[in-house]
Amino acid sequence: MPPAAERAVPVRVGTAGWTYPDWKGTVYPARPGRGFDPLAYLAARLDLLEVDSTFYRIPPPLTTGDWVRRVADFPSLRFTVKLFQGFTHTRKASLVDERAFHRALEPLARFGRLSAVLVQWPWSFRDTPENRRTLLEVAGRFSAYPLAVEVRHASWGKKEILSLFREKGLAFCNVDQPALAQCLGPTGAVTAGLAYFRFHGRNAAAWFREGTSRDERYNYLYAPPELAPWVEAVREASTLAEEVAVVFNNHFRGQAAANAFEFRHALTGERQPVPESLVRAYPRLEAVCSTVFQRSLFAAEEAGAAFSGSG
């Protein structure tokens, strides 16, 4: 095997989900043309998409097969798929659900589009002997696929847990979340061939607030200095892993996409194919955008606005 510095380790960066209503006019054009496909639109610009909808409902294979068809023109695009909540949250998933989830994954796996299954446990899931057994039992049911396991409670932040994950071939999901008591802090662990990083934002005020909506909880735009240490952690992980996945879940108003493009720019130094609508929503993206004409367009519009407002 060549030295780590010479290995072509794919580091894929993307977003959790792609079908948010408030992405119209931010990530996506405000007036998309007929036949506009948000999945293909993102696949042309990012190389990783985490499927969030599978957490709420197991899709039929026709649906996942259609995803494969729609990204056929973008060979670098990979999916990670969130495990159905019946296995991790309600704990009511049946053998029928298990078989259905395997069938849903089959088209993605068969066509080489599946990077991993994400097994996300709730914050209330703490490290106890019983919960360890539960975690490993669920992982065993889906051991045919690369698995990334996300635990959010601080009790899991132990060296023995990382050793257990390495022994079982499970990727420990490194998370960025609000720095609150008993929340797992930042890690850069590599415990399997895949290294996985997820960014939830740092909206501490809304994180545990009763009645908080999903949009409110994940309403956060990372500043570049906040991401800088994580860029270094991902670089380090790429010297140890065979593949690295970086997912932004701070989805409100397209902030996940904005930060994904900024992260890729910081990681590679390359200008990014940022959609015009997203640059309009977050003008600081001009600094990482590969489309030159946008800067002059915005400047002209600002000048026009200033002129019409004078006198």
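The values are calculated or read from the model by the stated rules, or taken from the named source; none is laboratory data. A quick note: this is a predicted structure, and the numbers were derived from the prediction, not measured. Note that we place each Cβ from the backbone using ideal geometry, even for glycine, and neighbour counts take in every protein chain shown.
If I ask for residues that are closer than 24 Å to HIS251 by Cα and either modelled with pLDDT under 50 or loosely packed, with under 11 Cβ neighbours inside 10 Å (or both), which ones from region 289-311 would you list?
Correct list: GLN294 only.
With respect to PHE172, is the statement that it is within 21 Å of the chain's Cα centre (by Cα), under 17 Å from ALA256 (Cβ atoms), among the hydrophobic types (A, V, I, L, M, F, W, C) and crowded, with 23+ Cβ neighbours inside 10 Å true?
So PHE172 does not fit the description; no.
Conditions first: (1) in contact with a helix residue (DSSP H, G or I) (Cβ under 7 Å, 6 or more places away or on another chain); (2) surrounded by 14 or more Cβ atoms within 10 Å (Cβ to Cβ); (3) modelled with pLDDT under 95. GLN182 passes all but one, so which condition is the exception?
Answer for GLN182: the failing condition is (2).
Name the residue, out of VAL71, VAL138, VAL119, that is closer than 29 Å to LEU278 by Cα and crowded, with 19+ Cβ neighbours inside 10 Å.
Exactly one of VAL71, VAL138, VAL119 is closer than 29 Å to LEU278 by Cα and crowded, with 19+ Cβ neighbours inside 10 Å, namely VAL71.
When the residues of region 85-116 are narrowed to those that are buried (at least 19 other Cβ atoms within 10 Å of the Cβ) and farther than 23 Å from ASP73 by Cα, which ends up farthest from the chain's Cα centre (by Cα)?
Filtering region 85-116 for residues that are buried (at least 19 other Cβ atoms within 10 Å of the Cβ) and farther than 23 Å from ASP73 by Cα, the one farthest from the chain's Cα centre (by Cα) comes out as ALA93.
Determine whether LEU227 is in a loop (DSSP other than H, G, I, E, B) and in contact with a helix residue (DSSP H, G or I) (Cβ under 7 Å, 6 or more places away or on another chain).
Considered against the rule, which asks whether it is in a loop (DSSP other than H, G, I, E, B) and in contact with a helix residue (DSSP H, G or I) (Cβ under 7 Å, 6 or more places away or on another chain), LEU227 comes out as no.
Going through ARG126, ARG209 one at a time, which residue ends up being farther than 17 Å from LYS82 by Cα, of a type in the set (D, E, K, R), modelled with pLDDT of 95 or more and part of a loop (DSSP other than H, G, I, E, B)?
Going through ARG126, ARG209 in turn, the sole match is ARG126.
Might you let me know whether region 212-222 holds any residue that is assigned to a helix (DSSP H, G or I), basic (Lys, Arg) and buried (at least 16 other Cβ atoms within 10 Å of the Cβ)?
yes
Within region 231-245, take every residue that is of a type in the set (A, V, I, L, M) and in contact (Cβ under 8 Å) with a residue 40 or more places away in the chain and give me the one that is surrounded by the fewest Cβ atoms within 10 Å (Cβ to Cβ).
Residue satisfying both the conditions and the ranking: LEU240.
Go through region 69-116 and report how many residues are without any contact (Cβ under 8 Å) to a residue 12 or more places away in the chain, part of a helix (DSSP H, G or I) and not hydrophobic (A, V, I, L, M, F, W, C).
4
Tally up the residues in region 246-256 that are part of a helix (DSSP H, G or I) and buried (at least 23 other Cβ atoms within 10 Å of the Cβ), please.
3
So, GLY157, is that one in contact (Cβ under 8 Å) with a residue 40 or more places away in the chain and either surrounded by 14 or more Cβ atoms within 10 Å (Cβ to Cβ) or not hydroxyl-bearing (Ser, Thr, Tyr) (or both) or not?
Here the answer is no, as GLY157 does not meet what is asked.
Please find, within region 257-288, the residue that is surrounded by the most Cβ atoms within 10 Å (Cβ to Cβ) out of those that are of a type in the set (Gly, Ala, Ser) and over 23 Å from ARG198 (Cβ atoms).
Result: SER277.
Yes or no, residue by residue, for (1) farther than 22 Å from VAL247 by Cβ; (2) among the β-branched types (Val, Ile, Thr):
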| site | (1), (2) |
| --- | --- |
| ALA104 | no, no |
| LEU136 | yes, no |
| VAL151 | no, yes |
| SER155 | yes, no |
| SER163 | yes, no |
| GLU167 | yes, no |
